[in-house]
Every structure is written in C-alpha cells, then in structure tokens.
Amino acid sequence: MRTALKTCSTWAAQDEPAFQADRRASIRWRGDAPYPVQVQWAGKPHNCNIRDISAGGAALAAAQPAEVGAKVVVEINDAVRLPGFVLRTLRGGMAVKFDLPAHLAQQIERAIQLGLSPAEW
C-alpha cells in the first residue's frame, strides 16, 4: 500500500476541513467530490462512491446497497482492497465496517491525517 490515503463525500460542505474528528473511534476524511470505487459483493463488482472513510469503515453511496451483514471488499485502487461487511443501509447507500489488520488501519489513519486522496494511497 502506498503511504497515502483520503476520501470523498458527495454531501460534505465546501468549507469542511479535509478530515473530521468526531465522536467515532477513528478520524474520517470527507471530500467535496465523490470518489468512485468498485465494491465486490455477491460475486459481482458494483460501482459506488465514497461519502467518507476511516480506518474503521466507510459510508458509500450506492444505487442498490448490499444487504446488512453482506461481506464486501472496497477496492480503493489497484493496490488497496479493504475487506469488511455491511453494518447498515443508509438512504442511497450503506455503511461498511472494515476488518483490517492493525498495521493497515494505522496506515489509513496516517494517510487521512496527511489529507491524502485515495488515488494517493
């Protein structure tokens, strides 16, 4: 994995900082434009957009989200694939919880702190 990371959100305001520290366990990155990704579930690729992302999971915009509990792989780019499962569905998307080794989660957190885009991960 490259040493860089970042995410995009279709709902983030223009004046929001590149990453958000909120009451969740991990910091999140939210962009001002959608970041397209492929998400694999049920043996098929699906086009989605990242709304926001952290080392713990991501909110994804999806025309037809996977069912709660479905195992997924979020393909950020050719080198970065993040396995997880659908935690809940959202209006127009889904929330995915990642199942990552500690070293990969730390790399993602560091990249988000640096304000790097998924294309730079």
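The numbers here are math on the coordinates, done by the rules we state, and not lab data. Not measured: the values here are computed from a predicted model. A quick note on method: Cβ atoms are made from the backbone with ideal geometry, for glycine too, and the neighbour counts reach across all protein chains shown.
Going from the residue with the fewest nearby Cβ atoms within 10 Å to the one with the most, D52, D78 rank D78, D52.
Express the Stokes-Einstein translational diffusion coefficient of the range 22-121 in µm² s⁻¹, to the nearest whole number, given a Kirkwood radius over alpha-carbon pairs, 37 °C and a viscosity of 0.692 mPa s. List each step's numbers first, then the result.
Details: Rh = 13.4 Å.
Rounded to a whole number, D works out at 245 µm²/s.
Collect residues whose amide H, placed 1.01 Å from N in the peptide plane, falls under 5 Å from the amide H of G57; neighbours closer than 5 in sequence don't count. Correct list: F98. Amide H contacts of V72 (H built 1.01 Å from N, in plane; Pro and chain starts excluded): G84, F85, V86 sit under 5 Å, all sequence-distant by 5 or more or on other chains. Summarising the label geometry, the points placed 7 Å from Cα in the beta-carbon direction at Q38 and V73 lie 1.0 nm from one another.
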